[in-house]
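S.K.: Below are the structure tokens for one structure; questions will follow.
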Amino acid sequence: MVKENKKKEGKPKKNDFKSFLKKRAPIYLALIAMLIVFVIPELTKGDLESSFPELTSEEEQVLDILMNYNGPNDSGLTVMDAITNKISEEYPDEKIFDHKKTIVDLTISKINDEEYNILLNFKSYKGELNYDWNVEKSLGKITSNNQDSKYIIDVVDFYD
């Protein structure tokens, strides 16, 4: 009886978990590599909205009024979509928001109790786009202060 106990103690037990991992390690490595190559870049993809700085709740409301404006007859195209499309036209087939020379500058300033001025400047290695609007918070009225911002509002207003 004593000999049988010694034999059992002398032979180490096989670790099932280790053998399980050793057999399947190439599969797990391939899955992790695919995750890193395909999924993570899509999750960290830059866009216009993610380039905006932190805003107060009041500034956020005014910006939402502007960016969600979709024309007098609810065309479906918003100001945010129109600006994104304009940037995509200028930089086709480029991840421009990931480029190190791309700067998105957003400034919201209060003119009076209900009126705000929004300046959106998009600067890249090719040039820049400058937008300037006045937004009346209570009425949701948007006024363009330059040609670029007027063009965006016209595109949204007359989108079919």
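The values are calculated or read from the model by the stated rules, or taken from the named source; none is laboratory data. Computed from a prediction, not measured in an experiment: that's the story for all the values here. All Cβ positions, even for glycine, are placed from backbone atoms using ideal geometry, and neighbour counts span all protein chains on display. These area figures cover heavy atoms from the full protein model, side chains too; ligands, DNA and RNA do not enter into them. Shrake-Rupley method; radii C 1.70, N 1.55, O 1.52, S 1.80 Å.
S.K.: I'd like to compare 19-29, 52-62, 116-126, 140-150: which one has the highest average count of other Cβ atoms within 10 Å, and what's the full order after that?
M.R.: 116-126, 140-150, 52-62, 19-29
S.K.: Per the 1.4 Å probe, what fraction of the accessible area of region 46-158, in percent, lies on carbon and sulfur atoms?
M.R.: 44 percent
S.K.: Continuing with this model, one more query. 7 Å from Cα along Cα→Cβ at both Lys22 and Asp113: what's the point-to-point distance in nm?
M.R.: Each label point is offset 7 Å from its Cα along the Cβ direction, giving 7.9 nm.
S.K.: Kindly write out, for region 60-69 in residue order, the coupling ³J(HN,Hα) from the Karplus curve 6.51 cos²θ - 1.76 cosθ + 1.60 (θ = phi - 60°), rounded to whole Hz, with x marking Gly and Pro.
M.R.: 4, 5, 5, 5, 5, 4, 5, 5, 9, 5
S.K.: Step through the residues of region 132-149 one at a time and calculate ³J(HN,Hα) from phi using the Karplus curve (6.51 cos²θ - 1.76 cosθ + 1.60, θ = phi - 60°), rounding each to whole Hz and writing x for Gly and Pro.
M.R.: 9, 10, 10, 10, 8, 5, 5, 8, x, 7, 10, 10, 8, 10, 8, 5, 4, 6
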